[in-house]
Structure formats: structure tokens, C-alpha cells
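What follows is a short report on a single structure.
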2 protein chains.
Amino acid sequence: MAYRKTERVEARLADNRQRILDAARALVSEGGWAEAQVSHVASAAGVATGSVYRYFPSKADLFVEVLSVVSQREVDVLEAIADNDDLPFQTLHAAVSAFVERAMRNRRLAYALIAEPCEKEIDEARLVYRHAISKQIMRIVKEGQEHGDFRTDLDPNIAATVVVGGFMESLIGPLSPFNADFDGSGKQDAEAVHALAGQIADVCCAAVAQYNNVTSFKSNQRRQQ
Amino acid sequence: MAYRKTERVEARLADNRQRILDAARALVSEGGWAEAQVSHVASAAGVATGSVYRYFPSKADLFVEVLSVVSQREVDVLEAIADNDDLPFQTLHAAVSAFVERAMRNRRLAYALIAEPCEKEIDEARLVYRHAISKQIMRIVKEGQEHGDFRTDLDPNIAATVVVGGFMESLIGPLSPFNADFDGSGKQDAEAVHALAGQIADVCCAAVAQYNNVTSFKSNQRRQQ
DNA sequence: CAATGAAATGAATTATGGTTCACTCACTGA
DNA sequence: TCAGTGAGTGAACCATAATTCATTTCATTG
């Protein structure tokens, strides 16, 4: 009879795969792409270098999966925010703030996944998730345009792209490992991050909102509620 | 008596250096960073591989200089635009449009310099010029805030960063060598590029403008002039 | 036109790090 | 128990490209 994996083995295999993925993510989280070497991943996961290739066809595939898992969670968070029934302005603000705050919670990883130079194949995978993020932002923008809160003279696709590029770019400085502004991780730090997220979100919202001057916006808010 | 370079030799050396720089830029313009190999540069410039190292200490130094020359010109263009005395809204619009249109004129090069994955050292040089660009945009933003055309509740640094990230990001798609939308380079193409630049600039301006709804903005414009 | 200093050459060297593979070992099923 | 299967190993291999350097060629000076 043919060889068949028992459940026990199946579980061990799955566990190995997961350990390799976890080790890979941990390494990127600590040292960025420079640390992300197959041999390092292997020892961190407690397996031999060659074993990594039993689970992943190549280094790029491994790290693309790491990036996918982490990025997909962010897309899901944005989707959930986009799904709620708040006013589009508040929704967009919440989406951008959430993204920024979540990124700042694991700066090194976020920096690697968003901005750090890396191999082509991984970089291409980034684009996929940028698109996915942009799509969620665009949903909010379109909703806002239909709702009357957002300007209708802007192309929603371009507006969403600018917004995504905008908050990504403004994250790069704060995320950068060379920037010491947000290292304490104390309470002060959390507040500083919150303030930063708010300011970035303000600019993003301003880009699409119908009424930008404070008085008009406030009356607009009241009118809508 | 000690050896002394004649003018003739001096000129030839300077010419060699320039030819190497030009060849390097041409190669990046054609094939991006993949073509940007020292040996390729050497043959394109009509010298031997080793000779490149008489003029530049390393590959990275060579290409950083290529990037610097090209990028500095863009910074200068923005500076000139920021210097003029138009209304801040028009100035910002012109700056963003100009950047987008100029980038689209040499797509492959712009793509390489802005977005294509490349070595760390070159990538770091990119940051320097992003900062320089952001600085010019910030000047316009601040002027607009003082002038009363732009919202004063936004942090000018963050606003400028978001704007720069926004138009850079929205360029990536159109610049990408895999995107066939803007290949013809005919008259239609020029118009499409112009339209794109206008739309991107609209979004960027909206992000900082005091009055976004069309009627208020128009009256605002009239009032200011 | 020697003699000397500098530039040019490009094949060989080096560095990096992903990938392979011949082998060992543990697990499976009869 | 034991033949068969496939997972695990890690040192060797390979690919890529930057960099070096012994040698040659060219320019300058007395």
C-alpha cells in the first residue's frame, strides 16, 4: 500500500511550515531585509537551510507569503472600516488613522514592508497590496461622492491613489529606523503617534472633502447628522 | 621636473568622465537599473571596465551622481515655480502639474529614479531629493497659509509630505513600464498626460485649499485677484 | 629619445547569498 | 520486523556582478 501521512506527521509538517513563516517574519521585524536570509530563517526556525526549500520553492516565495499575511490583515481592517455606516468623512479619517497607528505599532516591520529597498519579486507583491488598500480607500471616496460629502469633480481612482501615496509617504519618516523620534514606546509616545495619525488623516480627508474651511465643514457636519 | 597634465589631457579626462556619466544615464533611461552595470556603462562610454573606477570610486557613487544631476534639475524647476508671485493655489497646481508632465516625458528614467527597486545607497540618495522636493512644496503651502488661501489647521510639513507622496504614488502606475496606457507619444498622448497631470494636481491642491467646493473656490479666486 | 609618471585595460578575483543534492534517518504499512 | 517512502540535512555549488591589479599604452620632461 502506498505511503500515507498520518495526522501526526501532517501536523508536524504544518507546524514546521508555520515556524518557518514565523521565523521569517520575526527576522524582518527585527532587522529588515538584511536579516532576511534563508540560512538565518532556517536556524531561527530550528531546521536546516535545505528544509526551507521543502516548504517554499524559493526565498522570494517565502517572503512574499510573509508580506501577504501581514498586508492582508491590514486590507481586512480597512475593509471593515470602509464597511461601517459612519459619515464618509469620519470613515476616511478612521481608516487613515488606523493604518498609521497600526504601522507605528510595529515600526521595523512596517518600514520593511512599506519602504525598505528589497528584491524585485517582493516589491511587486507590495504593489498588489497597495492596490488592495487603494481599492478600499476608493470605496470610501466613492461613497462620499455619492453621499454629497466629498467633491465630485475629482477622479475617485486618482484621489484614492493620492491619498494612499500621501499617508504612506508621511509614514516613511516616522517609521524609518534612523528616525529616533518615536522610540520610547511610553505613554508620551502613544500620544505622539495618535497625534501624528490624526494630522495625516486630516490632510487626507481635506483632499477629498467638499468643504474644507472649518466653519463650512462644521455646518456641513451638523447638516449631515 | 614633475609631471604636469596639459590642458589637452585635462580636457580629455573631463570628457571621459562626462561620457561615463552620460552613458550611465542613457542606460538607466533605456533599461532601468537592470541595465545599469558597470561593464555596460564602460562599453557604452567606450572605455574599459576598470577605467570607470578611475573616475568614480564605486558603482553606487556613479549612479548617485546620475540621480543627483537629474533630480536637482527637477528641484530647480520646482523652486522656480515656487518663487513666482502667482496665487498659492495656482502655484501649487503648476508645480505638481509640471512635475508630473516632466516625469512623463522620460517615463523609463523617471520610473527608475522614483520607483524602481534599486540598491540601498541609491535609494538613500532618492530620499535626499524627496526631501528637497518636499521643501519646495512646503514653501508653497506655508505661503498659502499666510496668504489665507490654504487651511491653517494643517501642519505644513505633513501636508507637504502627503502632497509629495500623493503625486509620486499616482505617477507610479502611469510611469510603470508594464503600463501600456501612455505609449503612443502622439498628440493624443500629450493630451492624456496633460489631463492626468491636471487631475493629480487638483487632488493635491484640494488637500490644502481653504475652499474646496467649486462655488466658494471660484468666488475665493475672484476675491484674491 | 630615453626615462618617468600617469592612464587604460580587461581578465581574474572576490563577495554575497540563494539553491541544490547525495546522503541519512524517521516514519508507514504489511 | 523490515522494505519503501519521503522528510531533513548542510556543505558544496552556482550565478551574478562589483572590484582589483599586473600589465600595457600613452604623455611629459630633460
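The values are calculated or read from the model by the stated rules, or taken from the named source; none is laboratory data. Computed from a predicted model, the values in this text were never measured in an experiment. Every residue, glycine as well, gets a Cβ built from its backbone with ideal geometry; the counts of neighbours run over all protein chains shown. With ligands, DNA and RNA removed, areas are computed over all heavy atoms of the protein, side chains included. Shrake-Rupley method; radii C 1.70, N 1.55, O 1.52, S 1.80 Å.
Within the set A:Lys59/B:Lys120; A:Lys59/A:Lys135; A:Lys59/A:Lys120, which residue pairs have Cα atoms separated by over 23 Å?
Table pairs above 23 Å Cα-Cα are A:Lys59/A:Lys135.
What's the buried accessible area, both sides, between A and B using a 1.4 Å probe, rounded to 100 Å²?
2900 Å²
Kindly provide the chymotrypsin sites (Phe, Trp or Tyr not before Pro) of the range B:1-102 that DSSP labels as loop, not H, G, I, E or B, and whose Cβ sees at most 10 other Cβ atoms within 10 Å.
B:Tyr3
Count neighbours as other Cβ atoms within 10 Å of each site's Cβ, and list the GluC sites (Glu not before Pro) in the range A:80-160 that are DSSP loop with at most 15 such neighbours.
Here the GluC sites (Glu not before Pro) that fit, given the DSSP loop and packing criteria, are A:Glu119.
Give the nm distances, rounded to one decimal, from A:Ser51 to the matching residue in every other copy, measuring between label points 7 Å along Cα toward the beta carbon; shortest first.
From this label point to the equivalent ones elsewhere in the assembly: 5.4 nm.
Using a 1.4 Å probe and counting only protein heavy atoms, arrange B:Arg105, A:Arg73 so the residue with the most accessible area comes first.
Largest to smallest exposure gives the sequence B:Arg105, A:Arg73.
Give the distance, in whole Å, between the Cα centre of the range B:1-69 and the Cα centre of the range A:85-159.
First find each Cα centre; the distance between them is then 41 Å.
Under a point-charge model restricted to the Cβ atoms of Lys and Arg (+1) and Asp and Glu (-1), what is the dipole moment magnitude of the range B:43-143 relative to its Cα centre, in debye to the nearest 20?
Charge dipole, the range B:43-143, about its Cα centre: 300 debye, nearest 20.
At A:Thr6, with labels set 7 Å past Cα in the Cβ direction, how many nm apart are the copies from this one, shortest first?
Between copies, matching label points for A:Thr6 lie 8.9 nm apart.
In the range B:38-76, which residues have a backbone nitrogen under 16 Å from the label point lying 7 Å from B:Asp15's Cα in the Cα-to-Cβ direction?
What the label zone holds, given the 16 Å backbone N cut-off, is B:45-48.
Using a 10 angstrom cutoff on alpha carbons, build the Gaussian network for chain A and name the most mobile of A:Lys135, A:Lys120, A:Lys59.
Of the options given, A:Lys120 has the highest mean-square fluctuation.
Is the C-alpha gyration tensor of chain B telling us rounded, prolate or oblate? Criteria: a/c under 1.5 is rounded; beyond that, a/b larger than b/c is prolate, otherwise oblate.
Taking the square roots of the gyration eigenvalues as a ≥ b ≥ c, chain B is prolate.
Gaussian network model of chain B, Cα springs within a sub-10 Å range: biggest mean-square fluctuation belongs to which of B:Ile81, B:Ile158, B:Ile20?
B:Ile158
Could you point to the residue in A:Val208, A:Gly144, A:Ala48 farthest towards the positive end of chain A's charge dipole, with +1 and -1 charges on the Cβ of Lys/Arg and Asp/Glu respectively?
The listed residue farthest towards the positive side: A:Ala48.
For A:Glu146, go 7 angstrom from Cα along the Cα-to-Cβ vector, then report the distances to that same point in the other copies in nm, smallest first.
With the label placed 7 Å along Cα→Cβ, A:Glu146 yields 4.5 nm.
For the pair B:Glu35/B:Asp83, report the inter-label distance in nm, with labels modelled 7 Å from Cα in the Cβ direction.
Result for the modelled spin labels: 3.4 nm.
Please give the calculated 222 nm ellipticity per residue for chain A, where each DSSP H segment of at least 4 residues contributes -39500 (n - 2.57) and the sum is spread over every residue; nearest 500 deg cm²/dmol?
Theoretical 222 nm ellipticity from helices: -25500 deg cm²/dmol.
With +1 on each Lys and Arg Cβ and -1 on each Asp and Glu Cβ, and nothing else charged, work out how big the dipole of chain B is about its Cα centre, in Debye to the nearest 20.
That gives chain B a dipole magnitude of about 540 debye.
Using +1 on the beta carbon of Lys and Arg, -1 on that of Asp and Glu, and nothing else charged, what's the dipole of the protein assembly as shown about the Cα centre, debye to 20?
Dipole about the Cα centre, nearest 20: 680 debye.
Only Cα pairs within less than 10 Å get springs; with that Gaussian network setup on chain A, which residue of A:Val164, A:Val70, A:Val208 has the largest fluctuation?
Residue with maximal mean-square fluctuation among A:Val164, A:Val70, A:Val208: A:Val70.
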